[in-house]
Every structure is written in C-alpha cells, then in structure tokens.
1. Can you pull out the residues in the stretch 437-487 that are among the small types (G, A, S) and modelled with pLDDT of 90 or more?
2. Give me the residue from the stretch 1-26 that is over 30 Å from A209 (Cα atoms) and touching a residue at least 60 places away in the same chain (Cβ under 8 Å) and, out of that set, surrounded by the most Cβ atoms within 10 Å (Cβ to Cβ).
3. Within the stretch 602-624, can you find the residues that are without any contact (Cβ under 8 Å) to a residue 60 or more places away in the chain and open to solvent by 30 Å² or more (accessible area, probe 1.4 Å)?
4. Filtering the stretch 683-716 down to residues that are assigned to a strand (DSSP E or B), in contact with a Pro (Cβ under 8 Å, 6 or more places away or on another chain) and open to solvent by 40 Å² or more (accessible area, probe 1.4 Å), which residue is nearest to E339 (Cα to Cα)?
5. Just give me the residues in the stretch 344-372 being of a type outside the set (A, V, I, L, M, F, W, C), assigned to a helix (DSSP H, G or I) and surrounded by fewer than 19 Cβ atoms within 10 Å (Cβ to Cβ), in sequence order.
6. Taking the stretch 515-532, which residues are crowded, with 18+ Cβ neighbours inside 10 Å and touching an Asp or Glu at 6+ places or on another chain (Cβ under 9 Å)?
7. Could you please find all residues in the stretch 786-798 being small (G, A, S) and under 25 Å from the mean Cα position of the chain (by Cα)?
8. Among the numbered criteria (1) in contact with a helix residue (DSSP H, G or I) (Cβ under 7 Å, 6 or more places away or on another chain); (2) in a helix (DSSP H, G or I); (3) over 29 Å from V418 (Cβ atoms); (4) open to solvent by 20 Å² or more (accessible area, probe 1.4 Å), which one does E314 miss?
Amino acid sequence: MTQDFPITVHMIGQAHLDPVWLWPWTEGRAEALATSRSAVDRLREYPDFHFTRGESLVYEWIEHDDPALFDEIAVLIAEGRWHVVNGMVVQPDLNTPQGEAIVRQFLLGMAYFRDRFDLAPRVGYCVDTFGHPQAMPQILRGCGLDSYTFLRPGPHEKELPSAVFWWESADGSRVLAHRIVGAYTTNVEDHAKLIQNALDARPAELPAAMSFFGVGNHGGGPTKRQIENIRALAAQTDDAQIRFSYPDNYFDAIRDAAENLPVVADELQPHAVGCYSANSALKRAYRLAECRLLIAERIVGLSAAWLATPAPVEALRALWHDLCFVQFHDTLCGTTTKEGANDAIMALGRVALGAQELTHDAARRLGTTIDTAGPGGTVLLFNPAAEPYEGYVEYEPWTEWKPWSAGWRLTDESGAPVSHQLIETHEALSSPGHGPNRLVFPVALPPMGYRLYRFAYTETGNAPVNPVVAPEHPATAGPDFLANQHLHIRLDPETGDIVSCIRVEDGLEWVGPGGWNVPLVIKDESDTWSHGVRSFEDVIGRFGAADIRVMDTGPLQASVLIERTYEGNCWLQQIVLRRGEPELLIRNWLYWQGQWRMLKLAFDVAATAPRARHDVPFGFARRPCDGHEVPTQMWMDVGGEATSVAGDANDVGLAIINDGKYGCDVSGSMARLTVLRCPPYAYHQPHPAGSKARYDWLDQGLQEFSVVLRPHAGDWRGAGVVRRAREVNLPPVAVTMHSHAGTRLPADSLLRLDAPDLELTAFKPAENGEGFIVRIADRHGRGGAGELWWLESRFRVSLEPFEVRSYRLPPREQQGWRLTPCDMLERPVIATEAHNTNAD
C-alpha cells in the first residue's frame, strides 16, 4: 500500500443497544447497565481504549438505577475516554415522525447532555436506523451537529459515489457523512478483514478510515479479546496506523481533506420498506399522539400568551420524551415482539390522552375569561393552525335528551343562524326523538385562535328564532352517485369502485381506467421488515360483491355506505361528499383475519407522463412512478397531463391524504396506499416459516382510518394539498362551555402567517420559559415570503426553497415585541431580527 500520507484506521469501540426489539424495554434497561458497567471496566483495564455511546435515554436509566456507575461515566467523559454522540433520546425511525418530532429528539437529548456533562455532541449517529430523509442535514445543522454516520441503506440497496461524502439537504445544508463498511457490531475476535474492508472503501484523498467493533443489538460492547486483537494488529501493521478512537476524532481528521468529496443531494433510501406498513394500530396511535402533542403546545402557548401565565413546560417535555422513546426504529417500524408493540401502543395512548388533557386545561382556563353569556350552551372552537380554517366540524351538543327538531338552533357569536345537518351519532342509544344529536356544520375560524358557537332551545324565550335558509347547491347522493356543485362521482354498483369523478363546471374527468378506491389483496410472504423487497406486485384478489346504501342525503353532507367482502373479511366504507368542498372523505372500518397478505387501496389518475410527490419530514420528495414501495407521511400526489378531452386543464392530479398510514407505491398513473401487512410479529428470515407451533400475526381484527381524496387541475401546490393534510391531522378542537360573563371577545386570533408557500410547524412555549418559539418551513419547495402577525405586531419573514427557520418571541419589553432568530435548539443565532412592519 503506497500513500503520500500516513493512513490512520480509527477503531470505534461501541455497543449498539436496541432498548426494545426481541425483548421488552425492561430487558433493554437491564442491559444498558450491564453493558455500561462492562465498558467502564474495559476503559480502566486498557488505558488506550476509547468507548462511544449515544442516546440520552440510556444515560437516564443509568443515572436513576446506578448513580455510582453514572458518576464513573461522568469522570471518563471528562477525561476524554468515554465519548457521547448523536444527541438524541434514542436512535429513532426517521421516515415516520414529522420533521418537528425529529427536532424534539435533539431538543431533549442535547439538553440532557448539556445539563449533565456540559457537552454538545457534534456527530449524528443513527447506525441502525432504516432510512434517512433528505431534510436530515438541515436538521443536524440546526441542532449544532456537523457530521453523520449510518449503515442503511447498504451498497446493495443504494449506490453511493463514496463511503464518505457530503450529504446535502434540499435547502443546501451539508454535513460530512460516512456509511459504515460492514456492520456497526462485531461478534468476531479477529478484525483484520473488517479493517481491510474499511481501508478499501476509504476515498483515496482521505488520510483515515473508520471501523466499528463491539458486540451489539442486545448490548455487550467490546470484549477483552477484541481489544487485544486490535492491539496486536496495530503492532503488526506497518502501512497503516490502527488506533482506538471515536467518531469526532475521525471526522476532524478528514475534514481538511474532504473538500472535494462527492455531494449526495438525495434521501438515503430504501431499506426494509415493509416496516412502514407493519402494525397499523401502532402507526395510527403514533400519528394521533404526535399530532395531539403539537396541538397541545399551540393551545397551551395561546392561553399562556393571552393570560400571561406560565406554561406547563415540564408536562409537555415529559410527553415528548415518551413519544421520542416510541420513535425508536424497531418500535415505531412495527418490528418488535407483540409485547413490545403493545407496550408502545399503551405509551402512545398515555401521550395522546396527556396532550388532550393539557389542551383542554389551557382552553378552559382561557374560556373562563371569554364572554359566553347568553341563552343555551356554547362551544368554543380552537384553530391550532396559523391560517384561517374554513371547513366542516362535527359536534354533539347536549340537548337534554330532546330531539334537535324540537326547537334547537345553532348560531355564531353574533346570533346569526348557522347552517347545519343532523348526522348519525357515535353511540347506538340514540333514536329519532331521543338521545344525543350529532351535527355537521361549516365554520370559519380565525388563525391560531378561537370562535364561539351557540346552541339554544327556542322555548327559553331568548333563543334565536331566525330559521336556517336551505343552502344552494346541496350535496346529494344515490345508490351509485354523489354530487355537489364541484364534483359528480359515479360508483360501480357491483364492485363499489369509484369509476368516475367529473368536474361539474366543464366535464373534466379525473378517474383513470383502473378506477379509484379499489381494494386489492396482494400475496406478501416477506418478513416483517420486507428485507430485500422493493415492490409488492402479486395481486391475488380484491374485495367485491358490494352492498351500497345511501347514508346521508344532504343538503350539507351526502354519503353512501359500502360493504365489500373477501374470503370472509369485511371492509366497510362511508364515502362522504360535502357541500362546497372539492374533495371526498372516505372513512374505513376494516375487519381482517389473514396471513401473508397485504391490502392496498388503488387510485388510477386520468393522466399521462405521471409525476409523484410524497410528504416527508420538512418538505416533500419527488419519486419515480416505478411501483417501488416507499415511506410517506400525511399525503401523496400523483399528477400529469390530462387525458380527458373536456375542460381546459393541461395538468390534473389527485392528492391522497390519510390519518395514519405510512406506506405506498406509485406505478405509472396508479397510486396505491398500503393499508396493512400481516406477517408474524418480529419474523426475520432465514428463520423457516412453520418451524414454530404458533405465531402472533400482525394486523388482525378491526382497524379504522380515513382517507381524503383531493382531485385538482393544475399544479398540486395550487390545490392546497399540504394545508389540507395538516387540517385533517391537526383539526380544530371543540371545548364545551357554559354561559358566563367575561372580558375577552367571543372570537379572537393570536398569531397569523400570511404566506401561501410557508407553513408554521411549531408554536410552543420556549424550553427556558422565556417567551415562545415559532418554526416556519417552506412547504412547496420554491421558497416564499410573507408576514407573521403576533397580537398588535407584524413581522416580515422570508425563506429559501425547502428552508426551515426558527424564531423566538421573547417576553414583551418596553419597545414592544421582537422576533429573534434562533436555531432548532432555541439558542440565539447571529442574524438580523425579523423586521416589525407595524408602522406604529
């Protein structure tokens, strides 16, 4: 080996620990202590040895369970022998959480390391995570990290120009990235081959390579024989210096020589694509908990700002910590045991309920100051978005067992009547003339604020008596159609498929020959992760023999109920069309018992030259329409050149929005949302199927989810796809109030973002209790500018394409409100404050 400079092989001693995988978290906690004890002992025995450990959760467990061991680790960290990386709570899945939820991994983890050890990790370290979105370099940079090491996808899954490269986000942020050669854990004692592999993969211009060793997954760490073997290899090797090291040291050693390394401006996918559809109950529970927690932050912040009271920061932080734990990749990806998954679902329920409690606590505290005086009862509708909400809500007012038709009325805060329609309640007790009443009605809510609506009984003598005028252009339904002023939908009476969706104004057709809402059954005998699989193509059947009944006949809401079956399994759907809305809502109740199968809902768009866009953390990804399974969050959109001869639209598309699904594929103009997979829990080939007497199978029984179909002419950005997806998943919050006097107006707004290409991803109390944090992201990939309104002030904001910016609104000072730039860890950055454009 001939080089112009000495080559150093940095040997990284570590112990990857899955806190949950083929064992419960209680076992992971026990192993965290055992592994760390072993690592401390090795560091004392071998003065030249270094050990690397990330994930603040492990340190928290040690601090609680063995304070003496924790103190020893703290001393070794101060001595520069034990090295902290990553700065996250755990090594999370990075495709399922929203970008905002990924930031919280760092916000909590880095705060812990700063408080306990006065340090800030610089190396991102997700060596076992299954895939990495393109926004990660921007997130890493925003959290103070400058480099990243990972393993998956491997060379057989994604070809990269080099094992070491500059990884670039769509906004231009870069980190120095390293793909691990071989594996992050080793059970062998002789590391000669692994070292040679790392040297072979080293870019020629770099003076160093990095190789990992140590027993892992269930912890363990470097053994004495491994350490002694590496020492022996170092003594025997003349053409390279082999030494114990740590990732920071490696990246520092190569940084000056890395300037001309290749740039990878792409997401790092795919690996284990089936895991994004494994365990539907867990995935939906996660979506609910994550979104409720984001809503809680916003309503808590709203109440704290208006009432000038402290926000429950510690309670919010505790819920985020629980959510971050469940984000662990084997947990959230559904690849743990049944016991591990069930623990996670219960933990997510605790987060969702806790977030809901904080939301209602804050809303009610604020509600007591609002003037709700008047006849009957009131409901305060809170809008958690920074944009106005104009849409429908469903609500069940308490009418004292009286039927709504006996004289109840719905009005806004001014007493004006509000159009509404009775729909079925959620319980079985109600019958005509008795029980609760459920209403659907259109609302207009101010951004990041609230509005009062009143329901009252006419016999009180004070209730409004103005009748509701029947709306024009009502929604209607029949056994094979749904229609409103925008769309005319036709159903196949035999299959229940949607075979036509026509724009009323000009006859433009959106449905391709393959139909919409087509429920497919696919043979899937892959393992729980679907290792080595890129697509699922073996369609073996479909739900059919449709029974279609009209459920709602309008005027505001029309719907049909479709029941379809397959081999004794039942799929029930309510397809809803509402007056004035250019979209369909499909509610699903699926009863499934089956094995080695996948279910998908297929939607063929009447378009050629199709293009696909997918919701990913802090942005969207352009992906080919090649039929490959990919992870997607709240929405995907497929569009292209219109094939319909009617209308003047050149481009058409369909956005498919969901409230808890994460896998899909697009093949040509056919988009397919993955509904479920049913391999055994934690089944990993080459374990031969059938060698066990009994299996626990994923996705058995009932599951519920909703899909919103939003067809559009022209570009998807103009159709409000992202905004609508957020409204579906972070909907308005209804809080019932009684009649009382108050000083606050019956409708008000705290914060508004006037920028059609930007979205608010976070509004939260600052971690240090000083003011509030606002985070804004470009949602359309083309940048944008606008104004952020905050009480009596307004500030000009501007973002580059795919950029995410964070700001602090500190407590009011004599000169008024200020909007100060900060990083994602809420630390000040050197930048000009956003300009207050309020002339006063």
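The values are calculated or read from the model by the stated rules, or taken from the named source; none is laboratory data. Since we're looking at a predicted model, the values are computed, not measured. Cβ placement follows ideal geometry from the backbone for every residue including glycine, while neighbour counts extend to all protein chains displayed. Accessible surface is based on the protein model in full, side chains and every heavy atom, while ligands, DNA and RNA are left aside. Shrake-Rupley method; radii C 1.70, N 1.55, O 1.52, S 1.80 Å.
1. Those that are among the small types (G, A, S) and modelled with pLDDT of 90 or more: A444, G449, A456, A475, A477, G478, A483.
2. It comes out as V20.
3. Answer for the stretch 602-624, where residues must be without any contact (Cβ under 8 Å) to a residue 60 or more places away in the chain and open to solvent by 30 Å² or more (accessible area, probe 1.4 Å): A609, P610, R611, R622, P624.
4. Result: W697.
5. Result: G349, R350, Q356, E357, H360, D361, R364, R365.
6. Selection gives G515, W516, N517, V518, P519, V521, I522, D524, S530.
7. Listed by number, the list holds a single entry, S798.
8. Evaluating E314 over (1) in contact with a helix residue (DSSP H, G or I) (Cβ under 7 Å, 6 or more places away or on another chain); (2) in a helix (DSSP H, G or I); (3) over 29 Å from V418 (Cβ atoms); (4) open to solvent by 20 Å² or more (accessible area, probe 1.4 Å) leaves (1) as the failure.
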